[in-house]
Amino acid sequence: MESSPENQPELPPVPPREPIFTLPPALTAYVLLLAVIHLRVLLPGDLENWTVEVFGFIPKRYDSTLLDIDFPGGEGAKVWTFVTYSLLHANLSHIVFNVLWLLPFGSALARRFGAVRFFVFMAVTAAAGALAHLVTHEHALAPMIGASASVSGTMAAAIRFAFVRGSFLSFNRGDAEAAAKVPALPLTRALRDGRVLAFLGIWFGINIIFGLGSIAIGADGASVAWQAHIGGFLAGLLLFSLFDPIPRTASHAADASSRDH
């Protein structure tokens, strides 16, 4: 006997599955900020160079042992350029490269941290990259610009939870919101995870061998500021817990990670 349609139970609607790489508002705002600031390339040449000198990170600005140079920006530039350099880019390919690397890792981190923590984190990792560049380029006159140190910081922070079961690089991930808020691995546990170690090895290998990312431009010619990448990466890896608002149980995170193969 066939049942009539009106007698059949109604199935609950299937909730839509959110794409894993949709951009959260904080990351969208950050990318738009980079794009708007990059419009400086439309300025006359002298004015464009002035913006790089005022807002780019110049190690020589902090050097009082050699010839004294009067850099634009005065004493204030010694403070703000630790962050503002990361908002400038040399050309379109430079900004596109950084944004493409930022999208997957920055999306997860912006969802996890929220807007305020995310922006502060980007500033802190930028400053760490500038400090690493300063230590290794004490007398350099060339301004360093580019968001690569902050991008590196987001990658380092994200791997603390990226491979945990349900997260965005696991095989059993949830939607974008859930994937960004799984319990993170403690640092000591993360550094024993084979996938994290493989990621670290590949990342450091690429940066040391090819030096991809931030560009220094100026009197010294173009060069890759790979030390800044490492500074930002280490800051993101070590300082992640200070920003992370998600409670985590070490045993739960470790067990979840070990089950996700």
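Summary table
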read-out: Residue match in segment 14-36 (condition: in a loop (DSSP other than H, G, I, E, B), at pLDDT 75 or above, of a type outside the set (S, T, N, Q) and under 18 Å from residue 146 (Cα atoms)); value: no
read-out: Which numbered condition residue 128 fails, given (1) modelled with pLDDT of 90 or more; (2) buried (at least 24 other Cβ atoms within 10 Å of the Cβ); (3) farther than 11 Å from residue 231 by Cα; (4) not hydroxyl-bearing (Ser, Thr, Tyr); value: (3)
read-out: Options 115, 178: the member that is of a type in the set (Gly, Ala, Ser), free of Cβ contacts under 8 Å to residues at least 40 places away in the same chain and open to solvent by 10 Å² or more (accessible area, probe 1.4 Å); value: 178
read-out: Only listed residue being under 20 Å from residue 26 (Cα atoms) and either open to solvent by less than 30 Å² (accessible area, probe 1.4 Å) or not basic (Lys, Arg) (or both), chosen from 93, 152; value: 152
read-out: Complete set of residues in segment 37-46 that are open to solvent by less than 80 Å² (accessible area, probe 1.4 Å) and part of a helix (DSSP H, G or I); value: 37, 38, 40, 41, 45
read-out: Every pair of residues 6+ apart whose Cβ atoms lie under 8 Å, when the first sits in segment 136-148 and is in contact (Cβ under 8 Å) with a residue 24 or more places away in the chain and open to solvent by 10 Å² or more (accessible area, probe 1.4 Å) while the second is in a loop (DSSP other than H, G, I, E, B) and among the charged types (D, E, K, R); value: 138/63; 139/63; 140/220; 141/220
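The values are calculated or read from the model by the stated rules, or taken from the named source; none is laboratory data. The shown structure was predicted, so the numbers you read here are calculated from the model rather than taken from an experiment. Backbone-built Cβ (ideal geometry, glycine too); neighbour counts: all protein chains shown. Quick note on the areas: whole protein, heavy atoms, side chains included, nothing else; ligands and nucleic acids left out. Shrake-Rupley method; radii C 1.70, N 1.55, O 1.52, S 1.80 Å.
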